[in-house]
Amino acid sequence: MPFSSGTTGPSKGVLFSHRTLHVPNMTHLFLEQLQPEKAKITKEIYSRALLLLPVAHSYGHIMLVNNLFAGTTTVCLTKFTPTAFLETIQKYQITVCPLVPHLVKFLSDTPLLKEYNITSVKAVMSGAAPIDTHTINKFEKKTGIPLTRAYGMTETYNAVTRTRPPPDDNPSTVGKVTPYTEVKVINDAGELVCEGEEGELCVRGPGMMLGYSNNQTATSATLDSEGWIHTGDIGYYDQQDFLYITDRSKDIIKVKAYPVSPHELEEIVKQYEGVSDVAVVGVKHQRLGEAPKAFVVLKPNAKVTAAQIQSHVEERVASYKQLAGGVRFVDVIPRNPMGKILKKQLK
């Protein structure tokens, strides 16, 4: 029984059936039968995997189960250090690495990469938390390794969507819906929205949770009578059925009743020279009710002021989206073991 991430509230035990564990394997068989030649290439890419994700988390657990099912040689690294990570890849000629965003960022930034041969790696996956387009582009340019992204949550266990290899990839999307899974986008009234219109993502399929352990109130608030899980994530579809995640509904900042996406502001702040990491949250504001505030981590020796960051944002957004809550410089952005920002700590 895995537990939810607890980034927006108390962590909850999530109940699954034995059938849930077989859904990714069913998906694997489905795709293998559909495209046998592609499946052969995939087996070569996934011949040796490095697993450093905690298997108590659904992402780490599903990777372990998938590897066992596919006969993938799996090298487990119980503790991450930059040297051990890169040495393991080189020593065991790892071909695939499932990672979380802050480790992808590490590979994008570290000068240690020049000291090791990681050319055996043919694919890297990023999951468990959102990853910005700047990091995606920087990683792929520096390493030459395609970065696959997947969207899911503890309550869905399996990946709800997955991106495609280039040239069919787009850094701003989380891909298309995986087999055996349904996704719909609804408005506040529970009605389906049009293509390109934002709404809450709802997910249904055989790999979903049964409910929360000993918490019927939370179960009823998340899982409806038709089997749809209300994710609390905001997103939309485009004309090609690619799915985009824009934010968490619980993270949306209401400035004079106008919705403001923290993710949008985080993307903008990260583009400023000298910024290493950032998190934006809503804080109480006497005039606006609530206002965006940025917590910023600077790169070593960077000379950046709060006024410079605020000016950078002001030039790129509407007036109500500006950082009226201010900018605070911190040493580190608090995250859980899977890399998700613990925004309730910042608030």
Counting helices only, and only those DSSP H runs with n ≥ 4, report the 222 nm mean residue ellipticity of the chain as the sum of -39,500 (n - 2.57) divided by its residues, in deg cm²/dmol to the nearest 500. -8500 deg cm²/dmol
The extension gain from LYS250 to LEU77, computed as 0.36 nm times the residue separation minus the Cα-Cα distance, is 58.9 nm
Shape box of the chain [Cα atoms, principal axes, largest first, Å]: 59, 55, 40
Qualifying aspartates and glutamates (Cα of each under 20 Å from Cα of LYS12; at least 8 residues distant if same chain): GLU155, ASP224, ASP233, ASP251
How big is Rg to Rh over the stretch 161-222, alpha-carbon atoms, Rh as the Kirkwood inverse-mean-distance radius? 1.06
Yeah, the stretch 14-177 with a ≥ b ≥ c from its alpha-carbon gyration tensor (a/c under 1.5 is rounded, else prolate when a/b outruns b/c, oblate otherwise) is rounded
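Taking 8 Å as the Cα distance limit and 6 or more residues as the minimum spacing, I'd like the relative contact order of the stretch 290-331 as a percentage.
Relative contact order comes out at 65 percent.
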Long-range HN-HN contacts of SER120 with modeled amide H, under 5 Å: none
Amide H of VAL255 versus every other amide H placed in the peptide plane: which residues, excluding those fewer than 5 positions away on the same chain, fall under 5 Å? VAL260
Quick one: compute the contact order of the stretch 217-318, relative version, from alpha carbon pairs under 8 angstrom and 6+ residues apart, as a percent. 18
For the stretch 253-346, the Rg and Dmax computed from alpha carbons only, in angstrom: 12.8, 39
Can you give the three extents of the C-alpha atoms in the stretch 157-285 along their principal axes, from longest to shortest, in whole Å? 47, 44, 29
Using Cα springs under 10 Å in a Gaussian network model of the chain, which residue among THR305, THR222, THR135 shows the largest mean-square fluctuation? THR305
Starting from the Cα of THR133, step 7 Å along the direction of its Cβ; do the same at ALA221; then give the gap between the two resulting points in nm. 3.4
For the stretch 253-292, Kirkwood radius (reciprocal of mean inverse C-alpha pair distance, Å): 10.8
Calculate the tail of P(r) for the stretch 184-248: the fraction of all Cα-Cα distances greater than 20 Å, expressed in %. 31
Go through LYS105/LYS250; LYS138/LYS270; LYS43/LYS138 and tell me which ones have a Cα-Cα distance over 23 Å in this structure. LYS105/LYS250; LYS43/LYS138
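A short reminder: the numbers here are calculations on the coordinates, not readings from a lab. Model, not experiment: these values are computed from the prediction. So basically every Cβ, Gly included, is an ideal-geometry build from the backbone, and we count neighbours across all protein chains shown.
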